[in-house]
Amino acid sequence: MLIQMIEKAYYYGWEITMNYNRLGQTVLNYRQKKGMTIRQFADFSGISTSLISQIERGKANPSLSVLELIAKALNVPLYTLFINQIETESLISKKKDRQQVYRENNDHVVYDVLTPDFMKAHIELLMMDLNAHANTTESHYSHRDKEEIAVVMKGEAYVELEGIEYFLEEGDVVRIPPNVKHRFLNKGEQANHILFVLTPSLYPL
């Protein structure tokens, strides 16, 4: 999992800088939540007490195999040990540096990825520019495991939910649960801007 995470980071141009103090604090927090002493954790994981102590104090550079043993002993996915590997600079999303993504209608629909630290965030923030007389897609689409909130930031729009069309004005909000077929339409003469917030659904349908 760590290898895939690193490959994904390089694919998107992100930089991973290991902070062993944060890594150690994460391991310490997980161990204490389990109610285990260093000796108990060492016996359970097969790692020496001295190495665990050094890791938790940020004084060691553990190998991938050691980290896999730690994650297995804590019964957590390996990547969770790196959740706190956050450089504060990555928490800022500058407009000039933002990525753009497209759906099938590239000429009329553009999404700006607004989410800072996109690789680790559990929330997606997108701003859609929908040109006049354009639709997000010719057919409907849905998210299997995501909850979506859309806010009309500028202009007017229509949203189709399961084939039923609703008119939205500036400031209106629509909630789109998982697996609900939907699309957005702009029937006006001016482009509109719609802000999307997507989070993993607690109850995927």
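The values are calculated or read from the model by the stated rules, or taken from the named source; none is laboratory data. Computed from a prediction, not measured in an experiment: that's the story for all the values here. We place every Cβ from the backbone using ideal geometry, glycine too, and count neighbours over all the protein chains shown. Heads up: the accessible areas ignore ligands, DNA and RNA and are worked out on the full protein's heavy atoms, side chains in. Shrake-Rupley method; radii C 1.70, N 1.55, O 1.52, S 1.80 Å.
For V180, the residues whose amide H sits under 5 Å from its own are H143, ignoring neighbours fewer than 5 places away on the same chain, with H placed 1.01 Å from N. Summing Cβ point charges (Lys, Arg +1; Asp, Glu -1) relative to the Cα centre of the stretch 26-78 gives a dipole of roughly 160 debye.
Put simply, the amide H of A134, placed in the peptide plane, has neighbours under 5 Å in N186, leaving out anything fewer than 5 places away on its chain.
The order of I55, I164, I38 by accessible area, most exposed first and with a 1.4 Å probe, is I164, I38, I55.
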